[in-house]
Amino acid sequence: METVGSLADNIERVIVGKRETVDLLLATLLAGGHALLQDVPGVGKTMLGRAVARSLGGTFRRIQATPDLLPTDITGGMIYDASRGEFRFIPGPLFANVVLADELNRATPRTQAAFLEAMDEGHVTIEGTPHTLPQPFLLVATLNPVEHHGTYPLPEGQLDRFLVSTSLGYLSPADEVEVIARQQRGHPIDTIQAVADPAEIQRWQAAVRQIFVDRSLLSYAVEVVGATRSHPDVVLGASPRASLGIVRLAQAWAFLHGRKFVLPDDIKRLAQPVLAHRLDLRGPTGGGRGAHALVDQVLESVPVPVITR
């Protein structure tokens, strides 16, 4: 468990004052999920992805989404090799342990859809042949919550495939001063070393599945998710994938914090990042803080189980 903690400590050498977000992203990685960062430019999204990749000893690729980006620009494709007289597969930038898809909503729906198979199944299919992605595989996609010109909103099916949605946000003045001080003679990203390796991350992912979850907490998670479907302000509530995701993320959160069991507070803490981006709300309350406020209402309305064992 010390090495898991050192992973977050290592990332914090680059990402200052955002331990909660760092822990959430690591828990997402350990749960085998993917993350959506809805943030303004310049707050460190790319650095966060690079720091995670370096810390786990894996590869990192950044994809800048634009309207002219094609599916093969991210997945790769078949290229004719004249020396061999045959076609061979050339992997695209999606073939990395940590992939940052910057401003994903600037890509066309066709290109957005090219990420779905990779997110769900860990491989991409080119001309009928599946090609397995490196493991572990973490996709971090960003959206600019302010600038919407020339964008294509992500469909509900794609939003549902992101385990969590979160943000870094602006730094406090003291933390911003610290960031500037650390970069006076170079960037910390150039000095951090790996404190784990991809094989070890996969062992941790397997260990996360063994974290104990009391059956009453399974019911609690299902009730919280189900309450979003019956809420009068919700057009489309969270799916069963969200129920599974919140439990899996709670297991990873417990593992990350050195516990062998999930607590009710883990479910409550993680409900916002798992559920808010999945909700389609009615009228002017839709999106933004409206979804977060609605999740708060749901958590207040569902009784928290008392575990006596």
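The values are calculated or read from the model by the stated rules, or taken from the named source; none is laboratory data. Please read these numbers as outputs of a predicted model, since none were measured by experiment. Cβ placement follows ideal geometry from the backbone for every residue including glycine, while neighbour counts extend to all protein chains displayed.
A few points about this structure:
- From the list 172, 165, the lone residue that is within 23 Å of residue 52 (Cα to Cα), touching a residue at least 40 places away in the same chain (Cβ under 8 Å) and in contact with a His (Cβ under 7 Å, 6 or more places away or on another chain) is 165.
- Residues that are among the aliphatic types (A, V, I, L, M), touching a residue at least 24 places away in the same chain (Cβ under 8 Å), within 29 Å of residue 55 (Cα to Cα) and not in a helix (DSSP H, G or I) are absent from segment 230-248.
- Among the residues making up segment 190-206, those that are within 24 Å of the chain's Cα centre (by Cα) and either crowded, with 16+ Cβ neighbours inside 10 Å or part of a loop (DSSP other than H, G, I, E, B) (or both) are 192, 193, 194, 195, 196, 197, 198, 200, 201, 204, 205.
- Residues (of a type in the set (Ser, Thr, Tyr) and within 16 Å of the chain's Cα centre (by Cα)) located in segment 4-39: 21, 28
- Filter pass, residue 219 being more than 17 Å from residue 24 (Cα to Cα), under 18 Å from the mean Cα position of the chain (by Cα), in the same structural domain as residue 293 (by TED's automatic domain parsing) and surrounded by fewer than 20 Cβ atoms within 10 Å (Cβ to Cβ): no
- Residue match in segment 223-233 (condition: among the polar types (S, T, N, Q), modelled with pLDDT of 95 or more and over 30 Å from residue 14 (Cβ atoms)): no
- Scanning segment 92-117 for residues that are over 20 Å from residue 50 (Cα atoms) and either touching a residue at least 24 places away in the same chain (Cβ under 8 Å) or of a type in the set (Val, Ile, Thr) (or both) gives 105, 106, 107, 108, 109, 110, 111, 112, 113, 114, 116.
- Given (1) in contact with a strand residue (DSSP E or B) (Cβ under 6 Å, 6 or more places away or on another chain); (2) loosely packed, with under 12 Cβ neighbours inside 10 Å, index of the condition residue 165 fails: (2)
- Near pairs, Cβ below 7 angstrom, 6+ apart or cross-chain, from segment 5-25 (within 13 Å of residue 188 (Cβ to Cβ) and among the charged types (D, E, K, R)) to any residue that is surrounded by fewer than 18 Cβ atoms within 10 Å (Cβ to Cβ) and modelled with pLDDT of 90 or more: 12/19
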